[in-house]
Amino acid sequence: MLWSLSWKNIWRNKLRSTVVIMAVMLGVFAGVFLIAFMNGMVEDRIQTVIKTEISHIQIHQPGFGENNDFSLFMPDADSLTQIIDKTNHVSSVSKRVVISSLVASAETNTGVKILGVVPEDEMKVTNLSTKIIEGSYFATDRKNVAVIGKKLAEKLKVTLNKKIIITAQDVNKNITGGAFRIVGIFETDNYMYDELTVFVRYHDLCVLTGLQGTEAHEIAVLLDDNAYSEPVKQKLGKDFARLDVQNWTELSPEAGYLVSAMDQYMIIFIIVILLALCFGIINTMLMVVLERVKELGMLMAVGMSKPMIFFMIMLETIYLSITGGMLGLVLGYLLSNHLGIVGVDLYFWKEAYASVGYSSLIFPKIGLQTIILIAIMVIITGIVSAIYPAFKALKLNPAEATRTD
Amino acid sequence: MNIIEIKGISKTYDKDTMPVQALNGIDLVFQDGEFASIVGPSGSGKTTLLNIIGGLDDPTEGNVLIDGINITSLSGHSKTAFRLKNIGFVFQSFNLIPVLTVRENIEFIMQLQGASKQGRLSRTDELIEAVGLVDKKNCRPNKLSGGQQQRVAVARALASKPKFILADEPTANLDSKSAENLLDIMEKLNKEENITFIFSTHDARVMKKARRIITIEDGKVIDDVIKDKIMPES
Ligand SMILES: Nc1ncnc2c1ncn2[C@@H]1O[C@H](COP(=O)(O)OP(=O)(O)O)[C@@H](O)[C@H]1O
Ligand SMILES: [Mg+2]
């Protein structure tokens, strides 16, 4: 009885209830959409980190990560990659020689990270080969060729087929150098990465620095699913106890942090929205109680108990918040899902986004779990905002029913 | 049989700030089946008296016994339950639930009492019939005239099969024709179904219909006339 009575009661003042429901709806909708949007950005960033920059797991000599010391290589990388390749959930493995060095063009020079890779293996581990905007990804038989980022090309003022000079230390700690012809230019969503990374052939770099051709500073491992990055890391860590086995959250702490920070931001964000709505709802419901003093008095007079009165006002409040909240959730979810397929292209901010490592084409994304969490928070908001007005209603006196002034 | 005994009732509003003595030592007894009216000028204490009889307000002094039960000493919760079971109310300003239809307004009281669906439906039909609103039974109160609304209120008051009905100036917001019509219905219910009515009024025509007229002034009973007994004498 109270369920339907309360529902009818909220439609007494259609305009006011509609306004409240709309406010809750818009608030929740905005919350859901913004979360989906931020989530999409973060997700995309993480995909870039994993697929383009880091892969799931990397193995180094302990201490190599600190300043890329050339002498900290793993001497027999090939036998390691063979073992890793046979591990469960490993989809592909690539060994790399990594040198922090200086590249110079005719115009200028700059510090970069040179990655000596076996293109056939590297293509399976990272998707950089798909980011080529000019030339190709080592599709040539020539020796001493390089693939560099667009930002670096701009900085060095070089173009395709121009040469750059790579200066490095060799195994004997002598300075050595070589000219490399640019055969490909790539562009990722991360301009920093594009400016700091140069790819050359593994073999060419070994020759330049005097390595045997079996060593590696870095072994990058791609798994068949991100979910395994922790267990496989643990497993490899045991297999190679003397080496440093790290997954992407350790290698790119800021990306790992993004994931956990996102969850916290999301909760704070929703709480702020719901808190604001909560005050609006309380205010409205206090007005409702005030307007119905006489009727509530009558209900008490004719024998409606205080718990029932309390429950009726609670229900009205909860109906208002939940109706608005659910509408907002559904709309937010539908829009996010739709845009999650077609994408939102913020091309006019492309430079700004890319300079901090984000794509300007965003695919909003929100999980059902998040939706359920927000739904629960909306319900709690409804209940919390209902308590005070319902309590006010209880304070009324049944004699109000007979007052005529 | 005495159904209501009022013993030494006084009521002072706003005891601390600006005291108003609304009732001053009232003693009254009502019998089962009475059709009594409380009359007196505005501010004489009619509403206050009815509120106290109905347990909507507490007297500052004195007791109200209904069927021997001292309702002044009941706790808030038991008082509400007591009202639901024993007392019907009709208010000056109708006070129907605006979002419910005529039927639903009447049925509501029985729902509060936890009556069965079957019982509710037949009783509602019966009452709608009794107050002559069969053709309006699915209308909401705002589609009814004042007189019709007050008839719904009477039906609602009867729905719980109370021991008596208290009506505070039930005709004050009605035109004279509707007022007369309402009184006729109340009189009929009183006679045919032996329902006790106690109503207040300051309308002389309404007063005339009552079989007992209690006059109060400044919170005191100054006259209490039972017509049935007077008539044979005069
Ligand atoms: N809630 C209240 N607070 C203070 N004074 C009141 C209140 N209700 C009634 N009174 C006062 O008590 C007196 C009796 O009022 P009331 O019982 O309403 O008279 P009536 O119904 O005969 O017009 C009046 O002087 C009125 O002003
Ligand atoms: Mg009055």
- Task: Between A:Asn109, A:Asn13, A:Asn247, find the one with the highest GNM mean-square fluctuation for chain A; connect C-alpha pairs within less than 10 Å.
- Result: A:Asn13
- chain B: calculated mean residue ellipticity at 222 nm from DSSP helix runs of at least 4, using -39500 (n - 2.57): -11500 deg cm²/dmol
- State whether the range A:93-219 is rounded, prolate or oblate according to the following rule on the C-alpha gyration tensor (a ≥ b ≥ c being the square roots of its eigenvalues): a/c under 1.5 gives rounded; otherwise a/b larger than b/c gives prolate, and the remaining case gives oblate. oblate
- Shape metrics for the range A:46-138, restricted to C-alpha atoms - Rg then Dmax, Å: 14.8, 49
- Expressed as cubic angstrom per residue, what is the convex hull volume of the alpha carbon set of the range B:2-230? 128 Å³
- For the range A:93-219, averaging the sequence separation of alpha carbon pairs under 8 Å that lie six or more residues apart and dividing by its residue count, the contact order in percent is 36 percent
- Item | Magnitude of the charge dipole, the protein assembly as shown, Cβ model with Lys/Arg +1 and Asp/Glu -1, debye to 20 | 1240 debye
- Item | Value in Å of the Kirkwood radius, where the range B:190-231 supplies the Cα pairs that are averaged | 11.5 Å
- Item | Cα Rg over Rh - the range A:161-300, Kirkwood | 1.37
- Hey, could you grab the Kirkwood Rh for the range B:1-116? Inverse mean 1/r over distinct alpha carbon pairs, Å, one decimal. 15.9 Å
- Message: Give me the percent relative contact order of chain A, please, defined on Cα pairs under 8 angstrom at least 6 residues apart.
- Response: 27 percent
- Query: In the protein assembly as shown, what % of DSSP beta bridges are antiparallel (nearest 5)?
  - Reply: 70 percent
- Note on the structure: Interchain or sequence-distant (5+) residues whose placed amide H lies within less than 5 Å of the amide H of B:Ile26 are B:Gly8, B:Ile9, B:Ser10
- Rank A:Arg16, A:Arg45, A:Arg96 by mean-square fluctuation in a GNM of chain A with C-alpha springs under 10 angstrom and give only the top-ranked residue. A:Arg16
- Query: Most fluctuating residue of A:Glu316, A:Glu66, A:Glu120 in a GNM of chain A with Cα springs under 10 Å: which is it?
  - Reply: A:Glu66
- In degrees from 0 to 90, rounded to the nearest 10, what is the angle of the helix A:368-394 Cα long axis to the longest principal axis of chain A? 30 degrees
- When averaged across all projection directions, what area in nm² does the alpha-carbon convex hull of the range B:83-175 cover? 5.4 nm²
- Task: Show that you can apply the helix-only estimate: for chain A, add -39,500 (n - 2.57) for every DSSP H stretch of four or more residues, divide by all residues, and state [θ] at 222 nm to the nearest 500.
- Result: -17500 deg cm²/dmol
- Message: Need the C-alpha centroid separation for the range A:365-405 versus the range B:1-75, integer Å.
- Response: 37 Å
- Over the Cα atoms of the range A:288-405 the radius of gyration and the largest Cα-Cα distance (Dmax), both in Å, equal 23.3, 72
- In degrees, nearest 10, the alpha-carbon axis of helix B:146-159 is tilted away from the dominant principal axis of the alpha carbons of chain B by 80 degrees
- If you place +1 on the Cβ of every Lys and Arg, -1 on the Cβ of every Asp and Glu, and leave all else neutral, what size is the dipole of the range A:93-219 about its Cα centre, to the nearest 20 Debye? 260 debye
- Message: Which order do the peptides A:167-174, B:19-26, B:43-50 come out in when sorted by mean C-beta neighbours inside 10 angstrom, highest first?
- Response: B:43-50, B:19-26, A:167-174
- Query: If you take the charge dipole of the protein assembly as shown about its Cα centre, with +1 on Lys and Arg Cβ and -1 on Asp and Glu Cβ, which of A:Ser105, A:Ile281, A:Ile50 is farthest toward its positive end?
  - Reply: A:Ile281
- Note on the structure: Flagged as over-length at 27 Å C-alpha distance, from A:Lys8/A:Lys365; A:Lys306/B:Lys188; A:Lys95/A:Lys151; A:Lys95/A:Lys150, the pairs are A:Lys8/A:Lys365; A:Lys306/B:Lys188
- Inverting the mean 1/r over all pairs of different Cα atoms, compute the Kirkwood radius of the range B:107-234 and quote it in Å. 16.0 Å
- If contacts are Cα pairs under 8 angstrom and at least 6 residues apart, what is the relative contact order of chain B in percent? 28 percent
- For the protein assembly as shown, what is one quarter of the convex hull surface built on the Cα atoms, given in nm²? 42.3 nm²
- Query: Where the centre of each part is set by its Cα atoms, how far does the range A:14-31 sit from the range A:195-217, in angstrom?
  - Reply: 61 Å
- Message: Just to be sure I understand: of the beta bridges DSSP finds with both ends in the range A:93-219, what percent are antiparallel, rounded to 5?
- Response: 75 percent
- DSSP beta bridge pairing in the range B:2-230, given as percent antiparallel to the nearest 5: 55 percent
- Task: Enter the angle in degrees (range 0 to 90, nearest 10) between the Cα long axis of helix B:176-193 and the first principal axis of the Cα atoms of chain B, meaning the one along which they spread out most.
- Result: 90 degrees
- Query: About the Cα centre of the range B:2-230, what is the dipole size in debye to 20, counting +1 per Lys and Arg Cβ and -1 per Asp and Glu Cβ, all else neutral?
  - Reply: 700 debye
- If one computes the Cα centroid of the range B:170-192 and of the range A:309-324, what distance in Å separates the two points? 38 Å
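Every number in this text was worked out from the coordinates using simple rules, so none of it is lab data. Quick caveat, the model's predicted, so the values are computed rather than measured. Because the Cβ atoms are built from the backbone with ideal geometry, glycine has one as well, and the counts that use them run over all protein chains shown.
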